[in-house]
Amino acid sequence: METSEKISKDVHPVDEVLPFWQLGFYGLQHVLTFYASAVIVPILLASALGLSRDVLEHLIEADLFTCGIASLLQCVGFGPIGVRMPLLQGVTFVAVAPMITIGLSAGGGVDGLRQIFGAVIAAGLFSFFAAPHFAKLVRFFPPVVTGSIILVIGIALLPVAANDIVNGHGTSVMQNPVNMRNVAYGLGTLLVILFMQRFFTGFWRAISVLLGLVSGTALAWCLGDAHFDTVTAAPALTMVTPLYFGIPSFHIMPVLSMIVVMMIAMLETVGDVYAAGKIVNKPVGPKEITQAIRADGAATILGGLFNSFPYTCFAQNVGLVRLTGIRSRWVVAAAAVIMMVLGCVPKLAAMMACVPLPVMGGAALAMFGAVAVVGIQTLSQVNFEHQGNTVVVGTSLGLGMLLVSQPHITDHFPAWMKIIFGSGITLGATAAIVLNFIFNRQDPPPISVEGEVWNVGVQISKDPDMLKLHGANSSAG
């Protein structure tokens with residue numbers, strides 16, 4: 001008995017294997033919060049390229065299946081691939097506009113898809129082999145940078161939740177008039193989540209988001225705003241076939257543009273990995289960044305082979321870990337298996353798609369806010385008496401919100417600029433890195449504390465426990 005208790009105490013919460021039924025519930029919660037974001041990319045692409053309904057259905061099935069594989073690579077790991085934290089993988093939104101441009105330049109249709117898949121495979125190979133070199137740049141990511149990036153990610157995603165709540169037509173379109181029933185669904189879902197968080201503990205608190213989604217969908221169904229007709233029409237079983245649309249084609253400019261996309265996705269992954277490390281109390285250094293980016297690269301290669309797209313970590317699931325307190329990576333592994341099943345059983349996938357957008361938006365509001373809180377927690381380590389740190393945080397946040405508030409600023413940008421500066425997240429993240437280099441590079445050398453080298457601008461604690469906790473922000477001395 002004592003041995004069993006000792007083993008239990010020695011296992012980090014990230015590595016804890018929960019009972020099977022808990023893995024199922026918690027994993028399903030991750031899938032439900034992730035599903036709408038997972039399928040939106042193939043929907044947008046199919047609409048822009050003029051693809052048939054049958055092709056769209058196959059793209060969605062392939063996307064779900066490959067999301068599952070990608071998530072297993074990241075959270076379970078395979079040798080040097082995967083950071084082994086509770087991180088769920090999905091198609092990066094940064095890739096949408098470049099993929100549409102690539103597809104249309106190839107004439108649209110299936111020919112356009114083959115050129116997209118070729119560029120995706122090449123960019124995945126680039127990410128995989130560039131991972132250790134990119135990880136060496138971690139010294140340019142002190143808490144003032146990582147905190148700014150995480151904060152920008154959380155705040156920049158809030159308009160996505162707001163758009164879902166009003167059942168809008170995208171974050172660049174102001175919804176007017178607003179259907180207050182949709183708002184009631186969204187805020188009602190949020191209210192259920194908050195109620196469960198406040199008055200329940202343990203398992204019931206941990207599945208608060210799942211219960212919010214289920215109760216919101218049930219209410220919408222009772223009032224005639226949720227429909228399950230597509231479940232009957234969907235086939236019972238399908239197989240995701242590699243190279244379903246033929247051999248991918250490789251061309252220089254599409255490959256280069258997709259490599260730029262993956263470089264931006266690397267920045268997002270760095271921010272999400274730091275956020276996850278902060279939440280689960282796991283140190284993050286060059287090794288962890290390398291493993292995470294390798295998983296992105298390997299998943300993106302598989303994406304091109306399995307008729308899908310570039311992959312990166314998803315922030316809403318990081319927010320879910322923060323909100324529920326369930327840190328086991330095996331929960332995400334369970335979610336990954338569920339997604340692979342959904343990719344092969346269209347009826348189940350269709351059922352998941354019946355959750356109304358306003359209900360999804362209410363849950364997303366809580367989760368994206370939780371991501372922003374992680375950014376604030378990281379910035380609490382920063383010494384704001386140092387003027388350079390104030391400039392880095394204030395300007396990167398301001399530039400990130402510039403594109404969130406006025407997305408049409410980029411309408412007249414050339415295509416290559418839209419890839420880099422097309423979203424508030426990428427602009428804010430880039431600004432944080434560049435400004436930190438400009439304003440903090442002439443500071444005194446790093447301070448050595450108990451064998452560790454610390455970046456200037458970080459408040460140093462003499463408490464050994466605090467040093468251990470903040471070890472993610474240090475490098476070996």
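The values are calculated or read from the model by the stated rules, or taken from the named source; none is laboratory data. Source: prediction; values computed, not measured. Please note: Cβ atoms are built from the backbone with ideal geometry, for glycine as well, and neighbour counts cover all protein chains shown. The accessibility values were calculated without ligands, DNA or RNA, using every heavy atom of the protein model including side chains. Shrake-Rupley method; radii C 1.70, N 1.55, O 1.52, S 1.80 Å.
A few comments on the model shown:
- Toward the positive end of the charge dipole of the stretch 47-178, with +1 on the Cβ of Lys and Arg and -1 on the Cβ of Asp and Glu, the farthest Cα among Thr101, Phe117, His133 is that of His133.
- Remark: the stretch 171-182, residue by residue, has Karplus-estimated 3J(HN,Hα) of 5, 8, 10, 7, 6, 7, x, 9, 7, 5, 5, 4 Hz, where x stands for each Gly or Pro and the curve is 6.51 cos²θ - 1.76 cosθ + 1.60 at θ = phi - 60°.
- Spatially close lysines, pair count over the chain: Cα under 23 Å, gap of eight or more or interchain: 15
- For the stretch 269-365: rounded, prolate or oblate by the Cα gyration tensor [a/c cutoff 1.5]: oblate
- Applying the Karplus relation 6.51 cos²θ - 1.76 cosθ + 1.60 with θ = phi - 60° to the stretch 302-315 yields 3J(HN,Hα) values of 4, x, x, 6, 9, 6, 10, 9, x, 10, 8, 6, 9, 5 Hz, where x marks Gly and Pro.
- Residue ranking by accessible heavy-atom surface, 1.4 Å probe, largest first, among Arg114, Arg329, Arg53 comes out as Arg53, Arg114, Arg329.
- Rg/Rh for the chain, where both radii come from Cα atoms and Rh is the Kirkwood radius: 0.96
- Chymotrypsin sites (Phe, Trp or Tyr not before Pro) restricted to DSSP loop in the stretch 306-375 with at most 10 other C-beta within 10 Å: none
- Surface/4 estimate of mean projected area, convex hull on alpha-carbon atoms of the stretch 181-245, nm²: 7.5
- With 10 Å bins from 0: P(r) over the stretch 17-104, alpha-carbon pairs, percent: 15, 40, 30, 13, 2
- Gained length - Met174 relative to Asp54, 0.36 nm times residue gap less alpha-carbon distance: 40.0 nm
- Over the chain, relative contact order from alpha-carbon pairs under 8 Å, at least 6 apart, %: 30
- Length released on extending from Leu223 to Val434, taking residue separation times 0.36 nm less the Cα-Cα span: 70.8 nm
- Average projection area in nm² (convex hull over Cα atoms of the stretch 217-278, one quarter of hull surface): 9.3
- Near-label residues of the stretch 101-128 by backbone N, under 20 Å of a point 7 Å along Cα→Cβ of Met417: 101-102
- Look at where the Cα atoms of the stretch 373-388 and of the stretch 239-302 average out, and the two centres are 28 Å apart.
- Judged by the gyration tensor of its Cα atoms, with axes a ≥ b ≥ c, the stretch 209-318 is oblate; a/c meets the 1.5 cut and b/c is at least as large as a/b.
- Check: the chain dipole with +1 on Lys, Arg Cβ and -1 on Asp, Glu Cβ, in debye: 260
- Using the alpha-carbon positions of the stretch 341-402, Rg (one decimal) and Dmax (whole number) come out as 19.3, 57 Å.
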